[in-house]
Amino acid sequence: MKNETSEMWKGVFMLITSTAFKEGAWIPEKYTARGEDISPALHLEGIPAGTKALMITLDDASHPLFPNYNHWIIWNIPVCSDIPESIPKGEAVAVLSGAVQGMAYGRHCYKGPKPPFKAIHNYTFTVFALSDFMDLPAASVKKEVFKQAEGLILGKAALTGKFQSRREKND
């Protein structure tokens, strides 16, 4: 099944899915700042040959003041098809062999959706396949990480969900 937001990148197709929610669906409160604020489990398919590391971002595509406002960035994840739920806080993540969590809305941690009032926002998890690990300090922000990632990205895939802070539970 093709993920509508997955993209071709240099001829490589990757797919990202989650047991927590489907493409375009509501993100369960458990995975938001209004709930337990833990990262959802992610599953990857079609990781390109030559991939040595993975990088994940979570961006608020609907932020009215800061388009694609970065909530989470983590890099140097060893190649794997399953990213576990509830990545712990910290600069280096032991359960992911020392993957590095940078500075975003979540400082060295996952920080889930939290739109104000009753606004519906779209949040995109993007996974990048990299040809090498990156030597960056944990204080790095998305712009700095992507500057170093230039030329290393072999493939990417995206999974978008939506969240509304005070959504009626009957829809």
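The values are calculated or read from the model by the stated rules, or taken from the named source; none is laboratory data. It should be emphasised that the depicted structure is a prediction, and the values quoted were computed from it without experimental measurement. Virtual Cβ from ideal backbone geometry, glycine too; neighbours counted across all protein chains shown. Heads up: the accessible areas ignore ligands, DNA and RNA and are worked out on the full protein's heavy atoms, side chains in. Shrake-Rupley method; radii C 1.70, N 1.55, O 1.52, S 1.80 Å.
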Q) more than 19 Å from THR160 (Cβ to Cβ), of a type in the set (A, V, I, L, M, F, W, C), open to solvent by less than 40 Å² (accessible area, probe 1.4 Å) and assigned to a loop (DSSP other than H, G, I, E, B) - does that describe any residue in the range 106-115? A) yes
Q) If PHE146 satisfies every condition in (1) open to solvent by 40 Å² or more (accessible area, probe 1.4 Å); (2) touching a residue at least 12 places away in the same chain (Cβ under 8 Å); (3) over 18 Å from ILE47 (Cα atoms) but one, which is the exception? A) (2)
Q: Could you grab the pairs with beta carbons closer than 9 Å, sequence gap of 6+ or different chains, first residue in the range 59-80 and at negative phi, second one acidic (Asp, Glu) and surrounded by fewer than 22 Cβ atoms within 10 Å (Cβ to Cβ)?
A: PHE66/ASP60; PRO67/ASP60; TYR69/ASP60; ASN70/ASP60; HIS71/ASP60
**Q.** Qualifying position, being within 14 Å of ILE73 (Cα to Cα) and polar (S, T, N, Q), among SER165, SER97, SER140, SER131
**A.** SER140
Q: Inspect the range 139-152 for any residue being under 20 Å from ILE16 (Cα atoms) and among the β-branched types (Val, Ile, Thr) and give the result as yes or no.
A: no
Q. Touching a helix residue (DSSP H, G or I) at 6+ places or on another chain (Cβ under 8 Å) and without any contact (Cβ under 8 Å) to a residue 40 or more places away in the chain, is that true of PRO137?
A. no
Q: From PRO88, PRO67, grab the single residue that is open to solvent by 50 Å² or more (accessible area, probe 1.4 Å), more than 19 Å from ARG107 (Cβ to Cβ) and either of a type in the set (D, E, K, R) or not in a strand (DSSP E or B) (or both).
A: PRO67
Q: Report yes if ALA158 is touching a Pro at 6+ places or on another chain (Cβ under 6 Å), within 23 Å of VAL12 (Cα to Cα) and either in contact (Cβ under 8 Å) with a residue 12 or more places away in the chain or open to solvent by less than 60 Å² (accessible area, probe 1.4 Å) (or both), otherwise no.
A: no
Q.
I'd like the full set of residues that are surrounded by fewer than 20 Cβ atoms within 10 Å (Cβ to Cβ) and of a type in the set (A, V, I, L, M, F, W, C), limited to the range 70-85.
A. VAL79, CYS80
Q. Out of ALA129, ALA139, which single residue is open to solvent by 60 Å² or more (accessible area, probe 1.4 Å) and of a type in the set (A, V, I, L, M)?
A. ALA139
